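Comments concern the structure below.
Each value in this text was obtained by applying a stated rule to the coordinates, not by laboratory testing. Remember, predicted model here, so these are calculated numbers, not experimental data. With ideal geometry, Cβ positions are generated from the backbone for all residues, glycine too; neighbour counts draw on all protein chains shown.
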Amino acid sequence: MSSQIGAQKGAQKGTQKDALAACNDFVVKFANINGSGSASANELFARAILRMGVPVSPRNIFPSNIQGLPTWYEVRVSELGWLGRRGGVDLMVAMNPQTWDKDLAEIEPGGYLLYDSSKNVPAARLRSDINAIGVPLTEMCNARYRDARERQLLKNIIYVGVLAALLGIEPDVVAQLLGEQYKGKDKLVKPNLDAFMMGLHHGREQLNDIVRLRVERRDAVGERIFIDGNTAAAMGAVYGGATVCAWYPITPSSSLAEAFARLCAKYRVDAAGHSRFAILQAEDELASIGIVIGAAWNGARAFTATSGPGVSLMQEFLGLAYFAELPAVVIDVQRGGPSTGMPTRTQQSDLLLAAYASHGDTKHVLLFPEDPAECFEMTALAFDLADRLQTPVFVMSDLDIGMNTRLTAPLAWDDERRYDRGKVMTAEMLDAVRDFGRYLDVDGDGIVYRTRPGTHPSKGAFFTRGTTRDRYARYSEEGPVYVDNMERLLRKFDTAATLMPAPQMQKAKRATRHGALFFGSTSPAMSEALALLQAQGVPVDALRVRAFPFTTAVSDFIASHDKVFVIEQNRDGQLRCLLLNELDVDAARLIPVLHYDGTPITARFIAQAIGSHIGSEKVMPLKRAS
Amino acid sequence: MTYLAKPGLHHPDLLRNQLGLTRRDYEGKVSTLCAGCGHDSISGAIIQACWELALAPHKIAKLSGIGCSSKTPDYFLGQAHGFNSVHGRMPSVLTGASLANRDLIYLGVSGDGDSASIGLGQFAHLMRRGVRMTYIVENNGVYGLTKGQFSATADAGSKSKRGAVNHDNGIDLVLLALQLGASYVGRSFSGDKKQLVPLIKGALTHGGTALLDVISPCVAFNNHDGSTKSYDYVREHNEAVNEISLRGLDVIEPRAPITADLEPGADEDVIEEIRSHDGSLLRLRKLAESYRPDDRAYAMQFVQERSAAGEIVTGLLYVDADADDLHARLNTVVVPLNDLGERELCPGRSALTKFNAAHR
């Protein structure tokens, strides 16, 4: 097999016998250098395939760096609609000499390597079991462009053109996307289109029929939209009625607050030009949550977007909000911890931090969105729940959902929907009742009535504090008064469990004693893993947990299976810890399946872990031959 | 200390303000602080100022952090909502409250430990942002509730009750506030009600961030020889730069002039008049011949020079009558944000359909 094609000018055409072949089902990965302008070219590639009606799921794998360090963009093309990471790479676009060896090692046998052959690459640096396709990208750029910036940026567009030729991406679709992207900046359309065509022609003329991966037009995308979770969550905050946002920049949540600002500028400015929102970039996360709590105390819907280190800093305030009973919405876009950990990598490792945030006995409501559409829904819902329950509510997103553009259900809103502002006493209500006690459990559900400051000249005022107080909000350090209040807070948490979004069941095609619990961004990889297992004759029922406190459906699911795999993206099995702590189940029945290297979990990993565990159960132990 | 009831009987002949309320209507629960605590005098001055201005008590929001001073909002304005938040973080909570409802009057009460030690960051950033509020620091240079440790405002060289000497330099919150952009800055003494009440009134009617550093001796832990925050020390080293009075002339909502606090003939000595945010007039009777309260740089220089000479300057040190506030900078709607509902906030289904279409 000739493994190096097109490296020299006038390269030969060739067809590889053992080359990977697939239609609308493969993985392309781009290895670039951060700050080289590759991001928009790579996204153009993904969007073009999507516009041809074939589902894609791109993922950015980026460093905590502005310029110079390695960055990758991985595009899974899947007509069947699998949106999780598959694992492995079929075609690598290796544009970064720093990571060359590592990138080459990832390519599946029979896979393809596209690289810049302007400088000759010795055969020893290539693999014999892959198909290497050299394109003199730098030479082509230098011949065509004089400006250094153009030479750098348009090189990326040239390789998109080459890929379009190799894979069969329709040039008209790319031309249309470039037109949309640079709408109003016509000057930019022409050079980009020109670079794309240069790559396309080179591919068509020099590299015909080399790659057996194909994109063919389908209608498999449907109504779905292509959006990142942070933008969708920000839209959820707009629709959910948030008026105050306080935040501190932290990856991977910064783009959420910035999207909220952009969306508010579009949807929340009145005819006179005044803002129906207030956004503050605070001095730190302590101030962010303090601002949120102050605004919530005054009856406005307020939120902050942060990540693990921010939630760590907010602990004291979160205890205050729990104990003083103030609504606060915290969107935690999780990343790798502990400490600064892996700021640009994904994990689901803040569950325990959030669930029991602060000193003393505390418990908080957590929502687990699986994709951008649920980031929207759950963020809007979080404001209703926070107002209803008068307590902090966390939306537990993560970097994988938050910062990657994902194919997701269109965002939906019912115009009949009304905000649930919870138990707020108006002046008329205060006049109608004989007795107002801020912490009186009038309805027996543990949820008390509150008044907004300034409501009534002589009724309903109270002193909010983090110290113990009686049912009338009067300071007290009496033991029974303290216990009475703490037990009511537990009753309120029981009420909370009845208001949580129900978990989602994916039942296996035949009855099984094996179950799997998972949550959040694991969802797409999990669905695919279940299909893989099903195909291997290993049926597993799965339940997607959507909230904490757990609803009874979660305990019922565990009770009805002998073994339940708990799939998580953290080291310590944090969901499993919560299940054991809150549901009083037998620990031996909950089998942890943990993936926490900072990359998104893959279907292959899950299917392998579950499959081998179940497989090992079937093996009869053999007697050791001494 | 658990809840103490206050007697409900009022003297029938108590003076009433424009709202028909007596001073008793501005009181709160019985203080649990030590007898003779300077903080109780400040609470008394707040009650007097609010009564004289005829502010509706329930339209004031009183917030604090943690500490002796932060307990005091329970001891005044019983009809106002109060929020005793966490240590050093009153500024952020108050900022959020102010964003949510711009119609209330915000009063933050803090101490030197709360604002200069644990809360210095939040103090600084609130001053930068121009949150419209009255920020009173009840400054005794010492931690009372934990029994006598120095705070960050304690002067270098001052002695604790147990005889320990503080070697760290003290933080002057007045200078910090001036540097960071507060638009009404004053210093006073809890023992000088005549100066303090008008200073608080001016702050409550000011259109931006008003800081009052009020030296308030701690009778339990910082009122001994060697302390620079004791009653005797402050009385001996105080230099007042001006006396202010607030006349309700030309206010937007006309009220009768309040004369209760003015000394006879005070008007004749007025040298400078400053119109407050709400239209009322701030009148400064100058004591220090050359003092100019409209010059930030001069105020900083003056305070530093006098401090070097061992003097504590009190009075209104700086005011910018045209100060704007955070809401003006954010260009928020006139209606309080907490009064907006679905109609004003939710773009609705049709907008979402367009949004979806733009993401395909």
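Of note:
- Kyte-Doolittle mean at least -1.0 and Cα axial length at least 20 Å: DSSP H helices in chain B: B:38-52
- Amide H partners (placed H, <5 Å) of A:PHE463, local residues excluded: B:GLY82
- Cα-Cα separations in the range A:528-588 greater than 16 Å, expressed as whole percent: 49 percent
- Looking at the range A:94-150, the trypsin sites (Lys or Arg not before Pro) that sit in a DSSP loop and have at most 12 other Cβ atoms within 10 Å of their own Cβ are A:LYS119, A:ARG146.
- Each label point was placed 7 Å from the Cα along the Cα-to-Cβ direction; for A:ALA587 and B:ASP13 their separation is 7.8 nm.
- Among beta bridges from DSSP that stay inside chain A, the antiparallel ones total about 35%.
- For the range A:44-136, the spread of Cα coordinates along the three principal axes comes to 39, 34, 24 Å, biggest extent given first.
- Cα Rg, Dmax (largest Cα-Cα span) when computed across chain B, Å: 21.3, 77
- Computed over the range A:424-499, the ratio Rg/Rh where both radii use C-alpha atoms and Rh is Kirkwood: 0.98
- With Cα atoms, 0 to 90° folded angle of helix A:285-297 axis to chain A main axis: 50 degrees
- Degrees separating the helix A:479-499 axis from the principal Cα axis of chain A, which is the longest one: 40 degrees
- Under-5 Å amide H pairs with A:MET92, H placed in peptide plane, nonlocal only: A:LYS29, A:TYR112, A:LEU113, A:LEU114
- Derived scalar couplings ³J(HN,Hα) [the range A:460-477; Karplus, 6.51 cos²θ - 1.76 cosθ + 1.60; whole Hz; x for Gly, Pro]: x, 6, 8, 9, 7, 8, x, 7, 4, 8, 7, 5, 9, 6, 9, 3, 7, 10
- Least to most buried among A:ASP101, B:ASP320, B:ASP339, A:ASP387 (fewest other Cβ within 10 Å first): A:ASP101, B:ASP339, B:ASP320, A:ASP387
- Long-range lysine pairs (8 or more apart or interchain), the range B:40-185, Cα under 19 Å: 4
- Rg/Rh ratio calculated on Cα atoms of the range A:168-307 (Kirkwood radius): 1.17
- Overall form of the range A:115-210 per C-alpha gyration tensor (a/c, 1.5; a/b vs b/c): oblate
- Sorting A:SER38, A:SER275 by the number of Cβ atoms found within 10 Å of their own Cβ, with the fewest placed first, yields A:SER275, A:SER38.
- Longest DSSP-loop-exposure-free segment, GluC sites (Glu not before Pro), chain A, at most 14 other Cβ within 10 Å: A:1-215
- Prolate/oblate/rounded call for the range A:310-425, Cα gyration tensor, a/c under 1.5 rounded: oblate
- Principal-axis tilt of helix A:38-51 within chain A, Cα atoms, nearest 10 degrees: 90 degrees
- Working from label points 7 Å from Cα in the Cα-to-Cβ sense, the A:ILE66 to A:ARG149 distance is 1.6 nm.
- Helical mean residue ellipticity (222 nm; -39500 (n - 2.57) per DSSP H run of 4+; nearest 500) of chain A: -11500 deg cm²/dmol
- Candidate cross-link partners of B:LYS194 among the lysines, defined by an alpha-carbon separation under 16 Å and a same-chain spacing of 8 or more, comprise B:LYS286.
- Here B:CYS346, A:CYS375 are placed in order of increasing Cβ neighbour count within 10 Å, fewest first, which gives B:CYS346, A:CYS375.
- Choice from B:PRO347, B:PRO293, B:PRO57 with maximal GNM fluctuation in chain B (Cα, 10 Å cutoff): B:PRO347
- Each principal axis of the range A:239-296 carries a Cα extent, and these read 34, 25, 20 Å when sorted largest first.
- At most 11 other Cβ within 10 Å, DSSP loop - trypsin sites (Lys or Arg not before Pro), the range A:489-518: A:LYS509, A:ARG510
- Relative contact order of chain B, pairs being alpha-carbon contacts under 8 Å that are 6 or more residues apart, as %: 15 percent
- Amide H contacts of B:ILE105 (H built 1.01 Å from N, in plane; Pro and chain starts excluded): B:ILE60, B:ALA61 sit under 5 Å, all sequence-distant by 5 or more or on other chains.
- Packing-based ranking of B:78-87, B:213-222, B:14-23, A:167-176 yields B:213-222, B:78-87, A:167-176, B:14-23, ordered from highest to lowest mean Cβ neighbour count within 10 Å.
- Relative intensity, log₁₀ I(q)/I(0), of the range A:504-618 from a Debye sum that treats every alpha carbon as a point, q = 0.11, 0.12, 0.14, 0.18 Å⁻¹: -0.30, -0.36, -0.50, -0.86
- Relative contact order, whole percent, for the range A:227-408 stands at 31, derived from Cα pairs under 8 Å and 6 or more residues apart.
- For the range A:227-408, the spread of Cα positions along the three principal axes, ordered from largest to smallest, is 47, 38, 29 Å.
- Here the Karplus relation 6.51 cos²θ - 1.76 cosθ + 1.60, evaluated at θ = phi - 60°, turns the backbone of the range A:365-380 into coupling constants of 7, 10, 10, 10, x, 9, 7, x, 4, 6, 4, 5, 4, 6, 5, 4 Hz, with x for every Gly and Pro.
- For the range A:150-191: rounded, prolate or oblate by the Cα gyration tensor [a/c cutoff 1.5]: oblate
- Counts of other chain beta carbons within 10 angstrom of each beta carbon in peptide B:54-65 average 3.
- Hydrodynamic radius (Kirkwood) for the range A:466-557, which is based on Cα pairs only, to one decimal in Å: 16.2 Å
- The local environment of A:SER64, defined by Cβ-Cβ distances under 12 Å, has a net charge of +2 under the rule Lys, Arg +1 and Asp, Glu -1.
- Expressed in units of 2.2 N^0.38 Å, where N is the residue count, the Cα radius of gyration of chain A is 1.08.
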